[in-house]
Every structure is written in C-alpha cells, then in structure tokens.
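A short write-up of the structure that comes next.
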Amino acid sequence: MADLRLIYGFHAVTARIRQNPDGVMEIYLQAQRNDPRMRDLVKLAEANGVRIITVDAKRLDGMAGNARHQGVAARVDASRRVRHLEDVLDTLEEPPLLLVLDGVQDPHNLGACLRSADAFGVHAVIAPKDRAVGITATVEKVACGAAETVPYITVTNLARTLRELQERDIWVVGTAGDAEQDLNGFKHTRALAWVLGAEGEGLRRLTRETCDELVRIPMLGSVESLNVSVSAGICLFEARRQRQQS
C-alpha cells in the first residue's frame, strides 16, 4: 500500500529521482521559475518518466506549509525507501558526504540528526539494524520531513560497511573526546563519512578501530560531551564549509 508524502527543495527532489524514480509519483514546479537549475530538473524528470505539474507560487507555498521549497516539490511513495547504499553512491555527481550513527537509540536524537543531515546536504545516513532506534513516528515528527528527504539505510554489520566505504575511497572519520586531532586542525574536502557514537557510550570498539581517523570537537566549557545531534551538526557544517572554500 502506498504511503504518499510531500518532499520539497531541489536537493531532496533531485536526489529522490536519481535514487528511486519509481517512488516519485509526480513533481510540482513553480511556473515562474525557468532558470538552468529548474531546466536540469525537468530533463531529469522527463528522462525518468516522472510526471511534471506546473503550479503557481501561492499553491506551492500552501502545499509545503510555507516552508522553503525553492519552487520545487514532489509527491513520493514513502513505502519505497532507498534500502541499499549502492543505490545512493552510484548516482552521485559530487563526492559523497555521509553520516554514520553507531547505535543511536533515542528517537528525538535520530530525528534531530536527520534534520542536520538534510540541512547540510548529506547523501545518506547509515546505522546498524540492531541497537538502533530506526524510523518511528516520533523520529519522523522530530525530523520535520527530513526522514523523507535523506535516505536512512540500515546495515547488518557496521564495521564491514565502513570497510566497504573505504574501498570506495571514502575517508571514514570518527568522533571521540580523547582523540588527539581536533576539528580545528581537521582538513578534508573529498568523499567523507562522519561516524558518531551512541548517547553516553560513544563509538563501539570495533567501529572506532575501523575509522581512518579520530577527531574531537574542542570543548571550552565544563560539560564533557555534546548531544549526538549537536555534534553531527557541527561536524557536517565544517565539512560543507571546507568544501565551499576549496
């Protein structure tokens, strides 16, 4: 049975068509826009047989609840989620930026992580099938739509998945409070996967040992650690900042 949802924004809609065109029922485009980015999206939709509906800005505002839609929305079948990492990686036109969550069990934290992932253009969030919360109604509510725009991929063996990423020349970086390297000195503008641990526990031993590098977020106050979703936002922001300056 179809579970139709609305997603919006160029990144979300373009990524969904590339990764899972069969799950895109139709796209809505603002009639007043005819710039190169919009024309590229039209070509992509037509090439994949996706129905295109032109609407005025007022209707699009109403459909998206006045969120920042950029003149683009799509109705998608949420039951046809992207399930395989290869379906994401094989369709990218820029170096991958991934977020790996090692056993996050709090649905509010996962929802907030998905929001950060959406905000900074993460191509997929990866998590183990066991010892992790998964997509629940609470997660979807906290994520405010990001659960539909960012592929959430669960894997049986996280360490093995990290090694597979490394085989694709994706640099795997874990966060740890005791790491020698801090975020101020970390430089990497190519394919990257940030790995963050569970609330209170941090990275599991095997996950930590599999990372190419460990980095800590410099802390100036009295608290010893940050919420995982806050840490994710900081690391992803820095990754995007470095890419834009390179």
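Annotation: residue 187 carries an accessible surface of approximately 130 Å², with a 1.4 Å probe and no ligand, DNA or RNA atoms counted.
Our summary gives the chain a relative contact order of 19 percent, counting only alpha carbon pairs under 8 angstrom and 6 or more residues apart. Note on the range 71-132: dipole from Cβ charges, positive end direction compared against 132, 89, 119; the farthest Cα belongs to 132. Phi angles of the range 88-101 translate, via the Karplus equation with coefficients 6.51, -1.76, 1.60 and θ = phi - 60°, into HN-Hα couplings of 7, 4, 6, 10, 7, 10, 9, x, x, 10, 10, 10, 10, 10 Hz per residue; Gly and Pro are given as x.
Nearest 5 is fine: what % of DSSP beta bridges in the chain come out antiparallel, could you say?
DSSP beta bridges in the chain are roughly 30 percent antiparallel.
Taking label positions 7 Å along the Cα-Cβ direction at both residue 223 and residue 57, the computed distance is 4.0 nm, reported to one decimal.
A simple charge model with +1 on the Cβ of Lys and Arg, -1 on the Cβ of Asp and Glu and nothing else charged puts the dipole of the range 111-214 at about 220 debye relative to its Cα centre.
Based on DSSP H runs of at least 4 residues, each adding -39500 (n - 2.57), what is the mean residue ellipticity at 222 nm of the chain after dividing by all its residues, to the nearest 500 deg cm²/dmol? Taking each H run of at least 4 residues, the total per residue is -10500 deg cm²/dmol.
Annotation: residue 63 carries an accessible surface of approximately 50 Å², with a 1.4 Å probe and no ligand, DNA or RNA atoms counted. Taking all protein chains together and a 1.4 Å probe, the residues 120, 186 rank 120, 186 from largest to smallest accessible area. Classified by the C-alpha gyration tensor, the range 125-246 has a rounded form. Its axis ratio a/c, with a ≥ b ≥ c, is below 1.5. Between 117, 31, 45, the GNM of the chain built on Cα springs shorter than 10 angstrom shows 31 fluctuating the most.
Atom-type composition of the exposed protein surface of the chain places 46 percent of the accessible area on carbon and sulfur (1.4 angstrom probe). Label-to-label distance, residue 244 versus residue 169, with points set 7 angstrom from Cα along the beta-carbon direction: 2.6 nm.
Excluding residues fewer than 8 places away in the same chain, name every one of the lysines whose C-alpha is closer than 29 Å to that of residue 129. Cα-Cα hits under 29 Å: 141. Between residue 182 and residue 206, the simple label model (points 7 Å from Cα in the Cβ direction) yields a spacing of 3.4 nm. Using the Cα centre of the range 140-234 as origin and beta-carbon charges of +1 (Lys, Arg) and -1 (Asp, Glu), tell me which of 228, 181, 165 is placed farthest towards the positive end of the dipole. Positive-end residue among those listed: 165. By DSSP, what percent of the beta bridges with both residues in the range 109-246 are antiparallel, rounded to the nearest 5? Within the range 109-246, antiparallel bridges account for around 5 percent of the total. Charges were assigned to the Cβ only: +1 to each Lys and Arg, -1 to each Asp and Glu. The resulting dipole of the range 29-87 about its Cα centre is roughly 140 debye. Couplings 3J(HN,Hα) for the range 129-145, derived from phi with the Karplus relation 6.51 cos²θ - 1.76 cosθ + 1.60 (θ = phi - 60°), are 5, 9, 6, 8, 6, x, 7, 10, 4, 5, 4, 4, 5, 5, 5, 6, x Hz, where x marks Gly and Pro. Dipole magnitude for the chain: computed about the Cα centre from +1 point charges on Lys and Arg Cβ and -1 point charges on Asp and Glu Cβ, it is near 640 debye. Solvent exposure of the chain, expressed per residue, is 50 Å² of accessible area, with all protein chains present and a 1.4 angstrom probe.
The values are calculated or read from the model by the stated rules, or taken from the named source; none is laboratory data. The structure presented is a predicted model; accordingly, all values stated were derived computationally and were not measured. All Cβ positions, even for glycine, are placed from backbone atoms using ideal geometry, and neighbour counts span all protein chains on display. Accessible surface areas use protein heavy atoms only, side chains included; no ligands, DNA or RNA. Shrake-Rupley method; radii C 1.70, N 1.55, O 1.52, S 1.80 Å.
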